[in-house]
Structures are given as structure tokens and as C-alpha cells.
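Here the structure is laid out as C-alpha cells; the discussion comes afterwards.
The values are calculated or read from the model by the stated rules, or taken from the named source; none is laboratory data. Note that the structure is predicted; figures quoted are calculated from it, not measured. Because the Cβ atoms are built from the backbone with ideal geometry, glycine has one as well, and the counts that use them run over all protein chains shown. What goes into the accessible areas is simple: the full protein's heavy atoms, side chains included, and nothing from ligands, DNA or RNA. Shrake-Rupley method; radii C 1.70, N 1.55, O 1.52, S 1.80 Å.
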Amino acid sequence: MDSDSSGGWRFAQCFGDKGEVEDITEADVISTVEFDSTGNYLATGDKGGRVVLFERNEQKKNCEYKFYTEFQSHEPEFDYLKSLEIEEKINKIKWCKRQNSAHFLLSTNDKTIKLWKVFEKSLRVVSESNHWDGQRNLPTPLSPMHLRLPKMTQQDNIIAAVPRKVYANAHAYHIHSISINSDQETYISADDLRINLWNLNISDQSFNIVDIKPVNMEELTEVITSSEFHPTHCNLFMYSSSKSNIKLADMRDAALCDRHAKSFEEEEDPTNRSFFSEIISSISDVKFSHDGRYILSRDYLSLKIWDINMDSRPVKTIPIHDHLRGKLCDLYENDCIFDKFECTWSGTDSHVLTGSYHNYFRIFDVESLSDVVLQADKSAFKQKKIGGPLPGNKVGTKNGTRGLRDAMQMETLDFHKKILHASWHPRENTIAIAATNNLFLYSAA
């Protein structure tokens, strides 16, 4: 990819309210986004507990999507024992591989995971009976000879969503990760201190496979930040911690996987140590590559790529927004230093994607580390020519991606606008970006 161009990336679509940021309802803010394994369907979850599904628009030549259905996944609750409000916000959505005409997906808020079945259902109505023939009123039949059997006709097809399983009361702390196993029978859910293993068919029982809670909570030094199953080996999973390490665990070793098989950690340079070191080195997201050979991790300022066979140091370290090092005090004051940015691999594992502030996001070539800076900006859909270049992304001009990279380092960054959640189409160069209450789609040739 030529770093002085938009790398062939084009704005494709935007869903959501196009109003100004000041008018945004908190419930409409997108909190997770996920393609299914085919890429034909896309799911978003928001802070209002809703799940919105999109399906690929086959009538369009390019990779475009249309609204499929929407349902209320979680409602706000109250824990009377602990006097705590439980938010309805959707933390994660994971699709199960499709086995039949119905879709199955897991969604979770802080405490409860639900398995949803989404399917097409035909709506049938009584069209003929003893009292009606269509809209026409009939006289009451006077003898059995005049009795008619009611007739049903199909009126409409609707998309229905029903919760098939509810997996509740298994986490004392907030759930931040769910990951479905490659066997499609089990999944893990992780909170700050524990990871549980579930069978998709059994909702009232789970096995605790990682527990890092100390006997005395005052001795707590780290928390689990993210967790994921290996894409092909159903016995392997990994979890990251706030102490900047990633642990690979094997469920064949023991029932409780506290003794990890491998720990991926880079020695910190003592000369760079500061008050913020521990906060900015905390890993916010980890993802296996599709072939399971590499691990992508994201901390506050950088992306790291680890070889699963080498745990002493990452094979690549990619700075995302190093210009923020001088602003860490301000970011600590406004709590932005605790923002949890996600990261994702392309379908071919040749590129990686992660977000930054002011709605900037970056796509890196894994081999050359050349990158493209794009901005999920509302001016994108104000362009008359849909699919045309983004403003300031004219190929080969000084306002190209170079201009966006320079703009990204300006003093005037809006820290309220941030790209935390993104998903990459498994088979094509199409990406879905959650920018506050809007879902942006970009495609590359």
C-alpha cells in the first residue's frame, strides 16, 4: 500500500443518525461490532441494550449492506443484594457458525449472556371463516351443511428474534469478553478475575477455568482484560492482563488453567518508566490470527504482533499514536487513558486495524508496516459521489493520507470522538467501524 494514498480504501456506507455529536443520545452509542463467519451479515450492539443486524445487499455490485432486523437484547436491571445497577449496554456479540436457515448469536452485558435465535417467520392470518370471506361479512350458518373450514393465508414474512438460552449468575465482576470455541459447542466468558467455560446447550452450569482472585483483595495487582479461543485448536485459549502479559492456556493440562502453558511478555525498559507506565502498558485487546500462528495485542499506545512460538518479545511493535506521550497527564485527568481500543486482523492476516482519537483509524501492512490513516468522518457521506474519495484523501496530493497522519498529531484532537470498535470482513477488504452512534463501512479494491 502506498502510504501517500488512501491505499485504495473508499468510504462505502454510513448507518445511524447523521446529526451533530452534541445531540447524541447515550443509548445510541455503538459498543460492539462483529461480522459473521461468511461476511454476509453484520451485527452491532449499543449502550441501550439493542442489537441491530445488517445483511449484504446482493443487488449492489460492491460490498454494501442493508438493515435486516433489530431487537432488544438486554434491559437495565438492579442487583438488590449489592445495591448495584446493571447496565443494559452490550459489551460483546459473537456469531455462531450457521447450521441451518436460522442465525444464532451470543450477546452479553456486564452480567448476563444470551443466545439469540434469529429466523424468518411467515405470518399467517385467517382469510375465510364462517363469519368472514376476506373483508365481506357472512350471515351466520343455519345448518351444519353450511359450515366452512377456516382458511389460512400467508400475509407476510417477518424476522423474529428469540432468546434460546440465558446464561446468568456466573460472574461476580463485569464480563468483558466472550469467545466461541472452534468446536462450536462451547464458549468462554471472562470478567476481571475469572474465566468460565460454558456448553452452549447448558445454561445453568459453567466451569471456572481461570481464577486469579487473591484470598485478600488488598493484594490484587492485576486483572484479566481480554480472552479468546484459538481458531483451530479447541483446547487452547489465551487471556491478557493489565500487567502487559498474555497467557496461553491448555485445557488438557488441568481443570483449572491457572498454570499457563506460555506467557508472552516483553521486558520493560527501566529508563522509560513513569507514573503512567502500568496504565498504558495494560493490554486492552488480543486476537489470534486466522491461522492461529500469531497474536495481535493492543495497549494504549501501540499494537504488538507475537509469534506463538516466541514468548520473549513481539516480532513487530507498531506505534499508533506516540504523539500522545506528552499528553498523558491530560488523558489521565479526563479518564481517556483508560479507553480500551480493540484491534483486528484482515481476513488474510496480511493487514491489521486499530483505532485512535478524533475518529482516526489506521490499517497496517504486517510485512512492510506501511500504513493508511483514515477518518470515520461525517463529511464522508456528504460527498455527492458515494464511494468517491474522502475529503483530504486525494491520491498523490499533499492533502492525502500524509495530511491525515499530520492532522492526527495536531493539538486540536477531540478525545470524545474515538474509534474503539471495528470488525474486518472475513473474506474481503471491507471494514466496519463504530464511530460513536454511526456505523461506517469502508471497502478497498
Qualifying strands (runs of 3 or more DSSP E) (wholly inside the range 42-88; at least 2 residues being of a type in the set (Asp, Glu) and within 17 Å of GLU26 (Cβ to Cβ)) | none
When you go through PHE15, PHE11, PHE78 one by one, which is the residue that is in contact (Cβ under 8 Å) with a residue 40 or more places away in the chain and either open to solvent by 40 Å² or more (accessible area, probe 1.4 Å) or among the charged types (D, E, K, R) (or both)?
-> PHE15
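Every residue, every condition in (1) within 26 Å of SER368 (Cα to Cα); (2) in a strand (DSSP E or B); (3) touching a residue at least 24 places away in the same chain (Cβ under 8 Å); (4) among the aliphatic types (A, V, I, L, M), yes or no:
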{"position": "MET238", "(1), (2), (3), (4)": "no, yes, yes, yes"}
{"position": "ARG252", "(1), (2), (3), (4)": "no, no, no, no"}
{"position": "LEU256", "(1), (2), (3), (4)": "no, no, yes, yes"}
{"position": "GLU268", "(1), (2), (3), (4)": "yes, no, yes, no"}
{"position": "ILE283", "(1), (2), (3), (4)": "yes, no, yes, yes"}
{"position": "VAL286", "(1), (2), (3), (4)": "yes, yes, yes, yes"}
{"position": "ILE305", "(1), (2), (3), (4)": "yes, yes, yes, yes"}
{"position": "ASP311", "(1), (2), (3), (4)": "yes, no, yes, no"}
Has the range 230-250 got at least one residue that is within 18 Å of LYS111 (Cα to Cα) and within 21 Å of the chain's Cα centre (by Cα)?
-> no
Hey, PHE364 hits all of (1) out of contact with any His (no Cβ under 7 Å at 6 or more places or on another chain); (2) within 19 Å of PHE288 (Cα to Cα); (3) among the aromatic types (Phe, Trp, Tyr) but one; which does it fall short on?
-> (1)
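Would you point out which residue out of SER101, SER37 is assigned to a loop (DSSP other than H, G, I, E, B), more than 26 Å from ASN359 (Cβ to Cβ), hydroxyl-bearing (Ser, Thr, Tyr) and without any contact (Cβ under 8 Å) to a residue 40 or more places away in the chain?
Values: SER37 fails: without any contact (Cβ under 8 Å) to a residue 40 or more places away in the chain.
Matching residue, one of SER101, SER37: SER101.
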Residues of the range 147-191 being of a type in the set (Phe, Trp, Tyr) and outside any strand (DSSP E or B), in sequence order, are TYR173
Before we move on, is LYS327 part of a helix (DSSP H, G or I), open to solvent by less than 40 Å² (accessible area, probe 1.4 Å) and of a type in the set (D, E, K, R)?
-> yes
